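Okay, so here's the structure we're looking at.
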Amino acid sequence: IQILDSSFKETVTIKGPDFFIPAYLEDDGDLSPIIDKTKEAYFSIQSNASELWVLYDGRLSFDSTKDPGPENVHMNKIFVFDWDGNFLRSYKLDIPILGRFTVDWKSMTLWGFNTMEESSLVRFELF
């Protein structure tokens, strides 16, 4: 994750937790991950005045030209960082969610979607 200031200059880079080096192929200037050689990392950043919340995958990349199956596109780890890139805490969700989520900061409720459950909208009360 790269945090930029208002002039689009990088101020902070967040790496980890697995510290893998992505493996990519270049084809006419386009980059694509090498399947089974690189991992997926962060998705769907949400933020407030003091924190960045990110959904983390950590599994090997899959071939996007094939149907990955629902179990491979749902994630259950949320990492929370401050704006200086310091790790604050993590959450492991009991129901995995698709690559997007939102947080109601007032009630500290996380909302996401899970297409493997009967009710696809899922809610997590965090505090």
*Run the 1.4 Å probe and let me know the accessible area of Thr115, rounded to the nearest 10 Å².*
90 Å²
*Of the heavy-atom accessible surface of the chain (probe 1.4 angstrom), what whole percent is carbon and sulfur?*
51 percent
*Picking from Trp83, Trp105, Trp53, which is most flexible by a Gaussian network model of the chain using Cα springs under 10 Å?*
Trp105
*Can you grab the distance from the C-alpha centre of region 23-49 to the C-alpha centre of region 79-105, Å, no decimals?*
19 Å
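How do Lys106, Lys15 rank by accessible surface area computed with a 1.4 Å probe, from largest to smallest?
My answer, sorted largest first, is Lys106, Lys15.
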*Distance in nm between label sites at Ser107 and Glu51, each 7 Å beyond Cα in the beta-carbon direction?*
1.7 nm
*Using the heavy atoms of the protein chains alone and a 1.4 angstrom probe, what is the accessible area of the chain per residue in square angstrom?*
66 Å²
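The values are calculated or read from the model by the stated rules, or taken from the named source; none is laboratory data. Owing to the predicted nature of the structure, the values given are computational and were not obtained by experimental measurement. Note: ideal-geometry Cβ built from the backbone for every residue, glycine included; neighbour counts use all protein chains shown. The accessibility values were calculated without ligands, DNA or RNA, using every heavy atom of the protein model including side chains. Shrake-Rupley method; radii C 1.70, N 1.55, O 1.52, S 1.80 Å.
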